[in-house]
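J.: Can you keep this structure in mind? I'll have questions shortly.
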Amino acid sequence: MAKIRPDYETSWFGRLMHWLENGSTALDDAMTDEMDAHSRDHLVDSEHHHATQEHALEERRHAALEREQRMYSSLHQWASTKGSRLMRWVYIVASVVMCVGIIALLLNTAANLPPYGDPDNPVNNEVSAHYITQGQAETGAVNIVAGMILDYRAFDTLGESNVLFIAAVTVLVLLRLAPSRDGKPTTEMLEAEADDRLYEPKHDMILQHQANLLVPLILLFGIYVVMNGHISPGGGFSGGAIMGAGLILYLNAFGFRKTERFFTFRTFQIVSLMALAFYACSKAYSFFTGANHLPSIFSPGTPGMLFSAGLIPYLNIAVGLVVCCTMYAFYTLFRKGDM
Amino acid sequence: MTEAYNILFTGALIVIGVLLLACLIRAIRGPRIADRVIAVNMMGTLIVISICILSFMMGEGWLVDIAMIYTMLSFLAVVLLTKVYMGIYREKRRQREEGQQDA
Amino acid sequence: MLDIIRFVISAALTLAGLFCLLSGVVGVYKFRYALSRVHAAALLDTVGILLMLLGVIVATGFTVASLKMLVVIAFLWLTSPVAGHLIGRLEVTINDELSRDADVLDQDYVEQEKVPETTTTPADDTQEEAQ
């Protein structure tokens, strides 16, 4: 940490911060202070002088305040009567002009796009041709899109999972009630729980019996979508969202106490960190080995089998876990502020 | 034969589209909150039907997975919406009662 | 010949399903109170989707996709009554003048719904679990 200089209050930065916080009278006062400070060096130090100086400072401050009030009162009067009407008209006109302008710009852009599906489009270059012709043979995935996002462009997908993780961490930082140091719940947490009980005072029996049957089905379906990412459309992101939806249904039916038996904050931490670390380690080591990591030790296998396509099923599982934990974390943090 | 199926299912899709619009109008106009939640649930079911019809018309078998996801999500939406609205009502009622006790 | 029979059966089921959907939506418009509209909306979730999806299943034949459509029907039948129950509970809780719109048979339950019991504390929950 840098040391604060002894003349911070009268330096230009200190005065700037003071002005930003308190208003323009502070600048006048600081300027008068500086003038007096400079002039004090040349004058004899005496009590009488101090008293007159302070008295003069006070009078100047009062005069500045009165001037400000007079100026601003007329400004406030204008702002609350004619000014607000003017601003309303300005807002309406400006919003209409901006909307029409942006719509015209977008329509013009859309009209000048190249024709749909034309083979001369800039999109149809040799890269996409290579993906389409060689995609299944090189990656082993029947679903070319999964082969592309998890094998050819796996680094971009790492960035996406990272973005999800950062979003979850940001929401945690902003919304999580600070845990107490000695393990007992703080008053904030008890208040949040008491507020939350309004939303679930007594658990619904019908919903509970339904959730007993439905949550395993939803989780099973989520796992099916995740595991089949390389065979049929699906993959980690959609399967993770379905698994998160299953967990949210369980939480809604049974309440926080029963969900904390198997999903606590520690679980969320460990699962998302390990999944993201596994993804990063398995696809980002090319920074150290150069760009020669396409022939991996996992062979592509026969296309269409469940455990084919090299690393893609495992990466799908990792992405699915991250997305599932993130969805659940968003729900509980927004609802109660804790997990 | 495929033209006959196409005509039949295209007609069904048009009717379902009109019904979707009708449910949307009910969701906007419905005077009570429960009307809106009912309309949202109905719209979800209509969309599931249209996804299944489209999966047959386009010959793609994997689109039915999307229909399954959509049923799960619409059910979850109804559960959460009802919980949120009941909680808001209870909060407002408690605030009103506390205001009356203070006054 | 078989194709024509399949088409006729599929068309009959689809048209019957469309009729049920139409009557469900018309019912939602005609009924005047939210709790009655739940009856009309349930028509879509049960009979409407059954007949329409049976029409599509007959058209596609016996594939994995038709099995998945049967699973969709089963899932919707499992979840739709619970959704209707929750919507009814919502309406009963929120409505302040329930006795004007409907016949109230159990006023205590309505009061219990509107004012949550403040006595459920964590200690009570653990006691319930111990039992």
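J.: Show the residue pairs that are 6+ apart or on different chains and have beta-carbon atoms under 6 Å apart, the first residue being within the range A:260-272 and β-branched (Val, Ile, Thr), the second being outside any loop (DSSP other than H, G, I, E, B).
T.: Pairs found: A:Val271/A:Leu321; A:Val271/A:Cys325.
J.: Identify, please: which residue in the range A:274-331 is of a type in the set (Phe, Trp, Tyr) and in a loop (DSSP other than H, G, I, E, B) and is, among those, modelled with the lowest pLDDT?
T.: So in the range A:274-331, the residues of a type in the set (Phe, Trp, Tyr) come out as A:278-279, A:285, A:287-288, A:298, A:307, A:314, A:328, A:330-331.
The next check asks that each one be in a loop (DSSP other than H, G, I, E, B); those that pass are A:285, A:298, A:307.
Details: A:Tyr285: 73, A:Phe298: 68, A:Phe307: 80.
Per the criteria, the residue is A:Phe298.
J.: Just a yes or no: is a residue in the range B:50-57 within 14 Å of chain A (Cβ to nearest Cβ), of a type outside the set (S, T, N, Q) and within 19 Å of the chain's Cα centre (by Cα)?
T.: The initial filter retains those residues of the range B:50-57 that are within 14 Å of chain A (Cβ to nearest Cβ), namely B:51, B:55.
Okay, now just the ones that are also of a type outside the set (S, T, N, Q), so B:51.
Next cut, within 19 Å of the chain's Cα centre (by Cα) only: B:51.
Yes, that holds for at least one residue.
J.: Further question: Does A:Asp156 count as of a type in the set (Asp, Glu), free of Cβ contacts under 8 Å to residues at least 60 places away in the same chain and in the same structural domain as A:Asn316 (by TED's automatic domain parsing)? Lay out the reasoning, then the answer.
T.: Working: of a type in the set (Asp, Glu): yes; free of Cβ contacts under 8 Å to residues at least 60 places away in the same chain: yes; in the same structural domain as A:Asn316 (by TED's automatic domain parsing): yes.
Spelling it out, A:Asp156 is indeed of a type in the set (Asp, Glu), free of Cβ contacts under 8 Å to residues at least 60 places away in the same chain and in the same structural domain as A:Asn316 (by TED's automatic domain parsing).
J.: Taking the range C:16-42 on its own, how many of its residues are closer than 24 Å to B:Phe56 by Cα and free of Cβ contacts under 8 Å to residues at least 24 places away in the same chain?
T.: Narrowing the range C:16-42 to residues closer than 24 Å to B:Phe56 by Cα: C:16-22.
Restricting the remaining residues to those that are free of Cβ contacts under 8 Å to residues at least 24 places away in the same chain gives C:19, C:22.
Qualifying residue count for the region: 2.
J.: Enumerate the pairs (first residue in the range B:1-24 and more than 10 Å from every other protein chain (Cβ to nearest Cβ); second residue anywhere and of a type in the set (Val, Ile, Thr)) with beta-carbon separation below 7 Å, excluding pairs fewer than 6 apart on the same chain, so at least 6 apart or on different chains.
T.: Taking only residues 6 or more apart or on different chains, the pairs are B:Leu13/B:Ile53.
J.: What number of residues in the range A:146-171 are buried (at least 18 other Cβ atoms within 10 Å of the Cβ), within 14 Å of the chain's Cα centre (by Cα) and of a type in the set (Asp, Glu)?
T.: Adding up the residues that qualify gives 0.
J.: Given the conditions (1) open to solvent by less than 50 Å² (accessible area, probe 1.4 Å); (2) within 14 Å of chain A (Cβ to nearest Cβ), which single one is not true for B:Glu98?
T.: Checking B:Glu98 against (1) open to solvent by less than 50 Å² (accessible area, probe 1.4 Å); (2) within 14 Å of chain A (Cβ to nearest Cβ), the one that fails is (1).
J.: Scan the range B:22-49 for residues that are closer than 28 Å to B:Thr2 by Cα and more than 9 Å from the chain's Cα centre (by Cα) and report the count.
T.: Total satisfying the criteria: 2.
The values are calculated or read from the model by the stated rules, or taken from the named source; none is laboratory data. Bear in mind that the values here come from a model prediction, so they are computed numbers and not experimental data. Note that each Cβ is placed from the backbone with ideal geometry, even for glycine, and that neighbours are counted across all protein chains shown. When the accessible area is computed, the model is the full protein with side chains, heavy atoms only, and any ligands, DNA or RNA have been set aside. Shrake-Rupley method; radii C 1.70, N 1.55, O 1.52, S 1.80 Å.
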